[in-house]
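Just so you know, all these numbers are worked out from the coordinates, no wet-lab data involved. It should be emphasised that the depicted structure is a prediction, and the values quoted were computed from it without experimental measurement. Cβ sites come from the backbone with ideal geometry, for glycine too, and all protein chains shown count toward neighbours.
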Amino acid sequence: MSEPEGQALAPIDLERESDEAPEELRRLILFQACDEWFGLPIEWVREIQPLEGITRVPNAPAEILGILNLRGRVLTLFDLAGCLGIPPGTRPSTHAIVLDFADPELLVGLVAQQIAQVRGVPVPAVEPPPRDGSLGALEGVFELEGKVVGVLDLSRVFARALPEWGVAMQTRGAE
């Protein structure tokens, strides 16, 4: 993800001390996919698993990477490149982020090249995404340690699939 031309994101200063009231933080899991950095609100993450034993699904849509067995249940894995219409990454994916859509029977995950950490990000640090439309599935962007991180909006990432799954996205409050 490149910064919008002429605009620079304000870097997050995690070491700043102040007498002001503490800022509201959003807890995001930071991960790399498609050689880009993304943040996903932690309330949408059920678990993270090592990526092993993917089975390709013949004639599946481009965004479905395959399925894998997760404790005897079928986990459908999605690739963000296919979901977002961006180039795939150059490094292999190593983890599955199992998503929580509040339906215990729906087992869906995103593949990630790298999992960084769960981080509290000040709400004011997340700026609106670029308006160029290249990544319309972003809720916002912020800079962290010199990297631009896009905060994913799952309702946009899975806009085509959610009605088929019978899932209505509900806003979840920060934990």
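Tabulated values for the structure
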| quantity | calculated |
| --- | --- |
| Interchain or long-range residues, amide H under 5 Å from Val121's placed H | Arg26, Arg27, Leu28 |
| Inverse mean reciprocal Cα-Cα distance (Kirkwood Rh) of segment 11-130, Å | 15.9 |
| Loop-located trypsin sites (Lys or Arg not before Pro) in segment 54-156 whose Cβ has at most 12 other Cβ within 10 Å (DSSP) | Arg56, Arg71, Arg131 |
| Residues whose placed amide H lies under 5 Å from that of Arg46, excluding near-sequence neighbours | Val98, Leu99, Asp100 |
